[in-house]
Amino acid sequence: MNSPPRAAESVPPGGKVRRREVFGYCMFDFANSSYTTLISTVAYSVYFRQVVVGAGNANGDMLWSVASALAHVVLILTSPVLGALADHSGRKKGFLFMTTVQTVGACALLFFVQPGAVALGMLLFVVGTVGFEGGYVFYNAFLPEVSPPRTIGRISGWSWGTGFIGGLLALAACLPLLRHPLLPEPGAPPDPAAVFNYRLSFLVVAGFFALFSVPTFLVLKERGARASLGSWKEFAAAGVRRVATTLGRLRGYRETVKFVVAGLFFYGGIETVIKFSAIYAAVTFGIQGEQLLLLFIFANLVAVPGTLAAGYVADWIGGRRALILSLLLWFGLVCLGALVTTQWAFWMLTAGIAIGMGSTQAIGRSFMAEISPPSRESEFFGFYLLCNKVGSILGLLVFGGVSSATGSQRAAVLATLPFFAVGLGLMIWIDEKRARRAAAGPEG
């Protein structure tokens, strides 16, 4: 096995934004947002809850939580090593391509998930989600290579905003297939025609993701020398060694560790809200079919300017302060989410959630990129993802458990409030200047 490659060629502090590569970078968010919008949130989540499991099954929320949690368990076990492998080999784009193929393939196979096929439905969702979320380890690590530090917040915001546009267009493409409710009326069996159309929409999402991710792989450049792969056993061992080395060096990056732990909590809350938003709308507010699609089209439209503005705010006041503001917003949104009773109020709440989701994730990604040491971005993003998924498991299981035990999704929404409160407290505790100095200094 060759020695690890030299550090990746990041953009120097005074360097120019690589516009062509920024376009390629943003297009991946455009493409993969079709998966998170329609599979994780709007279409497959409702299809799984109402058709695969059955609307009358009291354990439906818990089974959806378990499927999502299983995906996160796999990510926890693999993401740090995958990040280390990408850094060691200089092959981030290759790993990103593999995870993309995995996600697209699993998404297409969801077409074969029939009513009652709970195990298959959970398995394919786990495989697709592992590919989707695992891909972010490699995708996020490209951010410092396409932008200098002075614009990293806005470019992260551009990519998230572009992602909302992609999600919006994917929703529009699937609207003819999803306009009719799966359940014609409460207590009725699923409509066979609507069930088939929902299954067709999963194929549309797979094609959308595959087609629009092509510019990313054509335009985005891999920088830094490549290490010889050798055998997979040697390669994996090298990744594990790098992870062990990083763990030993974490004392030098204490502020970064604080941020990663903060993300464990607030991303756990955000992930829970995302995974259950469409189910909550359908079950608690009776919003289904075309009305549900229009709700999320509206949310994506609102999220685009909100997310873009958040990126500029982060560059203006700093990532830490911008994240604190976004978490204060989340604290209020969760409280309102448990209290609103009308569909009109829920539409307004959804707009706020869309802004909060885009801004927090865009700012969080750029802040993590700024406080990660050069040449180990993938590895540190791997730990970032790991802690986020630990929090997601806790949040999803708390929501599913409270919903199943109490029969109230409103109580389950309130149960996510501590995740945002703890994350906010940890963000206030972070010394941003110290974090930047540690990341910019020589590795220990």
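Below, the figures for the structure above:
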read-out: Contour minus Cα-Cα distance for Val214 and Ala58 (0.36 nm per residue); value: 52.0 nm
read-out: Solvent-accessible surface ranking, highest first, for Ser404, Ser65 at 1.4 angstrom; value: Ser404, Ser65
read-out: Accessible area per residue, Å², the chain with all protein chains present, probe 1.4 Å; value: 37
read-out: Set of the stretch 169-186 residues, backbone N closer than 14 Å to the point 7 Å along the Cα-Cβ line of Gln291; value: 179-186
read-out: Gain upon complete extension [Ala411, Ala237; 0.36 nm per residue less C-alpha separation]; value: 58.1 nm
read-out: Arg241, Arg249, reordered so the largest accessible area comes first (probe 1.4 Å); value: Arg241, Arg249
read-out: Residues of the stretch 387-418 with amide N under 19 Å of the 7 Å Cα→Cβ point at Val73; value: 387-402
read-out: Cα centroid separation, the stretch 270-295 to the stretch 128-160 (Å); value: 27
read-out: Burial ranking of peptide ranges 108-115, 365-372 (average Cβ count within 10 Å, highest at the top); value: 365-372, 108-115
read-out: Relative contact order of the chain, pairs being alpha-carbon contacts under 8 Å that are 6 or more residues apart, as %; value: 30
read-out: Difference of contour (0.36 nm per residue) and Cα-Cα distance, Phe196 to Trp429; value: 78.8 nm
read-out: In nm, spacing of pseudo-spin labels at Cys335 and Arg20 (7 Å Cα→C-beta vector); value: 5.1
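The values are calculated or read from the model by the stated rules, or taken from the named source; none is laboratory data. Given the structure is predicted, the values throughout are model-derived calculations rather than measurements. Virtual Cβ from ideal backbone geometry, glycine too; neighbours counted across all protein chains shown. Heads up: the accessible areas ignore ligands, DNA and RNA and are worked out on the full protein's heavy atoms, side chains in. Shrake-Rupley method; radii C 1.70, N 1.55, O 1.52, S 1.80 Å.
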